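Notes follow once the structure below has been shown.
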Amino acid sequence: NHESKIPDNLSRNVGLIRELNNNIRRVAELYADLSSSFAKSMDTSSEEDLSGAMRSDGKAGHKRNRPV
């Protein structure tokens, strides 16, 4: 379209570029939300690991999973 220099094609290009920019912006927002959700889930799981590793006497203990 760009190489043809036809006005209708050039104006169509403007619309396509705007649509592309909006799509890229949306993908970036989705990745940002996904990254934030992942970071929060990692923080939550780290807190659970820490709370599960504390013994009643306040000292850190290690859980071992024994084979069945």
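At pLDDT 95 or above and open to solvent by 70 Å² or more (accessible area, probe 1.4 Å), is that true of Asn1? Judged against the criteria, Asn1 is not a match.
Of all the residues in segment 9-50, those that are open to solvent by 90 Å² or more (accessible area, probe 1.4 Å) and over 11 Å from the mean Cα position of the chain (by Cα) number 13.
Is it fair to say Gly58 is out of contact with any Leu (no Cβ under 8 Å at 6 or more places or on another chain), open to solvent by less than 60 Å² (accessible area, probe 1.4 Å), modelled with pLDDT of 85 or more and not polar (S, T, N, Q)? Here the answer is no, as Gly58 does not meet what is asked.
The values are calculated or read from the model by the stated rules, or taken from the named source; none is laboratory data. Fair warning: this is a prediction, and the values are worked out from it, not measured in the lab. Glycine also receives a Cβ, built like all others from the backbone with ideal geometry; neighbour counts cover every protein chain displayed. Protein only, heavy atoms only, side chains kept; ligands, DNA and RNA dropped before computing areas. Shrake-Rupley method; radii C 1.70, N 1.55, O 1.52, S 1.80 Å.
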